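Worksheet: one structure, shown below.
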Amino acid sequence: MRATSVHPPLSNVQAELLKLFSADIPEDNLIELRKIMAKYLLEKARDKADAIWDEKGYSDKKIQAILNKR
């Protein structure tokens, strides 16, 4: 049997997911796992947005002023 390679190489997350998915998990567990991953990514995105908000010194008042200039 010929070995196949993936180009570019898999990320560490992709490799871990492939290990997980090689085990035949029930569909309801797969759905739950998708929800957990989505929640994790949403939290990371919110954290990044909050950091940018703080870095830029934004406030509700400042955003409202920006929106009213249009």
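Throughout, read-outs are computed from the coordinates displayed, never taken from laboratory work. Since this is a predicted model, take the numbers as computed values, not measurements. As a convention, Cβ positions derive from the backbone with ideal geometry for all residues, glycine included, and neighbour counts pool all protein chains shown.
Given the rule -39500 (n - 2.57) for each run of at least 4 DSSP H residues, summed and divided by the residues of the chain, what is its mean residue ellipticity at 222 nm, to the nearest 500 deg cm²/dmol? Working shown, then result.
Values: 3 runs with 50 residues, N = 70.
Mean residue ellipticity at 222 nm (helix-derived): -24000 deg cm²/dmol.
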### Simple Cβ-charge dipole of the range 12-68, Lys/Arg +1 and Asp/Glu -1, about Cα centre, in debye nearest 20
320 debye
### Query
Which whole-Hz ³J(HN,Hα) couplings does the range 30-41 yield from phi under the Karplus relation 6.51 cos²θ - 1.76 cosθ + 1.60, θ = phi - 60°, glycine and proline marked x?
5, 4, 4, 5, 4, 5, 5, 5, 5, 5, 4, 5
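What FRET efficiency comes out for F21 versus E43 if R0 is 22 angstrom and r is the Cβ-Cβ distance? Round to the nearest 0.05.
Values: r = 23 Å, r/R0 = 1.04.
Once rounded, the FRET efficiency stands at 0.45.
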### Task
Grab the chain and count how many Lys pairs have their alpha-carbon atoms under 24 Å apart, sequence gap of 8 or more, or different chains.
12
### Query
Simple spin-label model, 7 Å along Cα-to-Cβ: N12 to W53 in nm?
2.9 nm
## Note on the structure
Expressed in nanometres to one decimal, the distance between label points 7 Å along Cα→Cβ at Q64 and K35 is 3.7 nm
### Summary
Among (i) 267; (ii) 73; (iii) 185, the entry matching volume of the Cα convex hull per residue in Å³ as calculated here is (iii)
